Every structure is written in C-alpha cells, then in structure tokens.
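Participant: Following this message is one structure expressed as structure tokens.
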Amino acid sequence: MTHVKIVEVGPRDGLQNEKQIVPAAVKLELIRRLADSGLRAIEAGAFVSPKWVPQMADSAEVLAALDPSGSVAYPALVPNDKGLEAALAAGAREIAVFGAASESFSRKNINASIADSLKRFESVVRAALDAGLKVRGYVSCAIACPYEGRIAPGKVAEVAAALSDLGCYEISLGDTIGVGTPASVRAMLDAVQKAVPAEQLAGHFHDTYGMAIANIRAALDAGLRVFDASVAGLGGCPYARGASGNVATEDVAYLLAGEGYRTGIDLSKLVGAAWYIADALGKPPASRLAHALGR
Ligand code: HMG
Ligand code: MG
C-alpha cells in the first residue's frame, strides 16, 4: 500500500487565524492528541513578529516543551535570521521558510518583494542546514492571490525551483485563498513539475470554495504524496482576506483511506482531537467527518 504523508498544520496555520489567543497549554494538549492519532509531522508554531501575528507569540514556549528527537517532526515557520535564532534557541529541528508567487502577497505577508525574500531565505536556509536542521519551503498563492487574482503557473514553478535550489527538501504549494479547482491545480502542477519533481512537492489546500478534497484527488493523480491539512478545518491566513480554513485533516485521512493509501492515522483519535480544539475555541469543527462520527 502506498504511503501518503499528512503534515498537520492546525497548531500553526489553524490557530494563527483565530481571534482569540489560545494558551500554550491548550496548544500542547492539541499537539499531544494529534501525535497520539498517528500524525508524524505537526507544524507547531511560527517565529514571526508578535506584532504581525500575536497568536504565535508563545511559539518558543510550545516548541521548548516538545521532544524534537522522537518520531514526530515539529516544524516551525521562520521568516528571517531573527526567527531562526529564536527557533534554534527553542530546540527546533525543522523549520519552514515561506515565500509567495505573488509580489503583492509577498509584501503584505512578509514585507519583502519575492526577490528580496529569496535573498533573505538564502542565509536562513544555509544557517539552518549548517545547524543540522531540515528545511521546508512554502509557495503561497500557487493558484491565485487575494490582491492580484490568477497567478501564472510558470511563476509558481520559478519560486518553487528557487526554494529547492536553496536546499528545501520539500516545497509546499499553497492555494492560500482556496479558489483552485482540479483543472487549475493540474495546470499549476504540470508547470511546477517541469522544475521540481513530484516527490519533492506537497499540496497545501485551503477549503474556501469547498474544492480542497477534489484538488487533493487531482494532485494524487499528478503524483503528489504529501498533503498539508488542519485538524477540524481550522485556519486561514491573516494577510489573505477571505481565506478560510485548511482542508480538515480528518476529511483528508478519510479520503486517503478510502482510496487505498496508508497514512498511519487512527481516525477516531483524530476526530477526538478535532472536538478537543473545537471545544477549546467554543465553535464546532469545520470538518464533515467530525460531525459524521460525532464525539
Ligand atoms: P518587518 O516589520 O519588515 O521586520 O517584518 P523588521 O526586520 O523591519 O523588524 C521590525 C520589528 O519586528 C523589530 O522589532 C524586529 O525585532 C521584529 P522592534 O524593533 O520594532 O521592536 N522582528 C521579529 N520579531 C520576532 N520574530 C521575528 C522578527 N523579525 C523581526 N522573526 C516580518 C518582517 C517577516 C518579521 C513580518 O512581516 C512577519 O512576521 N511576517 C509574518 C507573517 C505571517 O506569519 N503570516 C502567516 C504565515 S504564512 C501563511 O499562513 C501561508 C501558508 O500557510 C501557506 C499558504 O496557505 O499559502 C504558509
Ligand atoms: Mg496556509
């Protein structure tokens, strides 16, 4: 049976977009439950400016409480040298740099042009690799941008190739505002795969228009075997108006099991984690599966 890796991004992508600040203890209990459900990659925080994203201000506390030497990877977002310094001090063993295929989004999200961001990432990735860390790369706006509309697949390929050349082992392609459909996803992946092989790519789909599961099916057909997802469908992006949550991890896990892929996930434990964070936030999970299976 072919294995598909799910990268759980709820504690970062999910919680960064919640109005309320979730205490570190709740984040840690969520992460514990996610790991217990079988997830082996859990994005645990972001070493970004607390003025820009206050929800991630306690990432050092969260990372420091996790065991980075075990079987679960806990990557954290890092935008610059200062973020890397903080990530290393907190004991991170894996980081992710995050760029975009849209100039306007890049400036709004990290206050840098695409070219300047890649220059910035060069020193971050080099120092991280020298310190023995694994480095993942993100390309936001892989389908469209909230400010510029459709993004040319060739531009996505260009930024993905640049991140791969810097030394990122995996490039996650983000449909940041969830407008993609299987046809646009196929066109984007066709272009990107001319520059970066499918084995090095991950799909990161937001579910704003309810297309994320169909888009994952299309990406599986294109050869991708890594998908980012967020428990209970939490998520969004504070610098992308209208971006709703990531596709829910439990819905993705259900799809993959049904299609005959192995994920190592215990669905009932995962659904338990979804209800745990939904209760902590005081709102129902956004996934279908959490409601279908109940508590
Ligand atoms: P800036 O204002 O240009 O930074 O922000 P600066 O270098 O001019 O510094 C300004 C202040 O920020 C200084 O503090 C720095 O020390 C501080 P002050 O002197 O004013 O007190 N600072 C920092 N503090 C903590 N950690 C740092 C850091 N760097 C500077 N690392 C910066 C540039 C990149 C920092 C800012 O724009 C930022 O933090 N952006 C992050 C935005 C973000 O987290 N967005 C969400 C994640 S991306 C996403 O969700 C998309 C994704 O899911 C994929 C998809 O869906 O498409 C990944
Ligand atoms: Mg995202």
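The values are calculated or read from the model by the stated rules, or taken from the named source; none is laboratory data. No experiment lies behind these values; they were computed from the predicted model shown. Heads up, the Cβs are rebuilt from the backbone with ideal geometry, glycines too, and the neighbour counts pull from every protein chain shown.
Participant: When you scan region 84-129, how many residues do you find that are touching a residue at least 40 places away in the same chain (Cβ under 8 Å), among the basic types (Lys, Arg) and either over 23 Å from Glu61 (Cα atoms) or in contact with a strand residue (DSSP E or B) (Cβ under 6 Å, 6 or more places away or on another chain) (or both)?
Facilitator: Of the residues in that region, 3 qualify.
Participant: Can you tell me which residue is farthest from the chain's Cα centre (by Cα) among those in region 95-109 that are outside any helix (DSSP H, G or I), closer than 16 Å to Thr176 by Cα and more than 8 Å from ligand 1 (Cβ to nearest atom)?
Facilitator: Ser102
Participant: Considering only residues that are assigned to a helix (DSSP H, G or I) and within 15 Å of ligand 1 (Cβ to nearest atom), look in region 160-175 and name the one that is surrounded by the most Cβ atoms within 10 Å (Cβ to Cβ).
Facilitator: Here the residue is Ala160.
Participant: Sticking with this structure for a sec: Can you confirm whether region 144-159 contains a residue that is assigned to a helix (DSSP H, G or I) and farther than 21 Å from Lys194 by Cα?
Facilitator: No, region 144-159 contains no residue that is assigned to a helix (DSSP H, G or I) and farther than 21 Å from Lys194 by Cα.
Participant: Do we find a residue being at pLDDT below 95 and either within 11 Å of ligand 1 (Cβ to nearest atom) or not acidic (Asp, Glu) (or both) anywhere in region 188-197?
Facilitator: No; the residues of region 188-197 include none that is at pLDDT below 95 and either within 11 Å of ligand 1 (Cβ to nearest atom) or not acidic (Asp, Glu) (or both).
Participant: Let me ask another. Run down Ala112, Ala60 and say which single residue is in a helix (DSSP H, G or I) and out of contact with any Cys (no Cβ under 8 Å at 6 or more places or on another chain).
Facilitator: None of the others qualify; the one that does is Ala60.
Participant: Would you point out which residue out of Gly223, Gly260, Gly282 is under 20 Å from Ala183 (Cα atoms) and out of contact with any strand residue (DSSP E or B) (no Cβ under 6 Å at 6 or more places or on another chain)?
Facilitator: Gly223
Participant: Filter region 5-30 down to residues that are closer than 29 Å to Asn111 by Cβ, away from ligand 2 (no atom under 14 Å from the Cβ) and at pLDDT 95 or above and give me whichever is surrounded by the fewest Cβ atoms within 10 Å (Cβ to Cβ).
Facilitator: Per the stated criteria, the residue is Pro23.
Participant: Any idea which of Ala92, Ala127 is part of a loop (DSSP other than H, G, I, E, B) and either buried (at least 23 other Cβ atoms within 10 Å of the Cβ) or modelled with pLDDT of 95 or more (or both)?
Facilitator: After ruling out the rest, the residue left standing is Ala92.
Participant: Checking Val48 against (1) within 17 Å of the chain's Cα centre (by Cα); (2) under 14 Å from Ala76 (Cα atoms); (3) not in a loop (DSSP other than H, G, I, E, B), only one condition comes out false. Which one?
Facilitator: (3)
Participant: Now a separate question. Quick test for you: out of Pro182, Pro153, Pro146, pick the one residue that is within 19 Å of Phe205 (Cα to Cα), at pLDDT below 95, over 17 Å from the mean Cα position of the chain (by Cα) and not basic (Lys, Arg).
Facilitator: Pro146
Participant: While we're on this one: Pick out the one residue from Ile6, Ile31 that is under 22 Å from Ala253 (Cβ atoms), part of a strand (DSSP E or B) and either in contact (Cβ under 8 Å) with a residue 12 or more places away in the chain or within 19 Å of the chain's Cα centre (by Cα) (or both).
Facilitator: Ile6
Participant: What are the residue pairs meeting all of these: first residue in region 196-209, first residue of a type in the set (D, E, K, R), second residue within 16 Å of ligand 1 (Cβ to nearest atom) and not in a strand (DSSP E or B), Cβ atoms under 8 Å, and 6 or more apart or on different chains?
Facilitator: Partner pairs satisfying both residue conditions: Asp207/Gly178; Asp207/Gly233; Asp207/Ser244; Asp207/Gly245; Asp207/Val247; Asp207/Ala286.
Participant: Sticking with this one: So in region 150-174, with the set limited to residues that are among the charged types (D, E, K, R) and out of contact with any helix residue (DSSP H, G or I) (no Cβ under 7 Å at 6 or more places or on another chain), which one is farthest from Ser140 (Cα to Cα)?
Facilitator: Asp165
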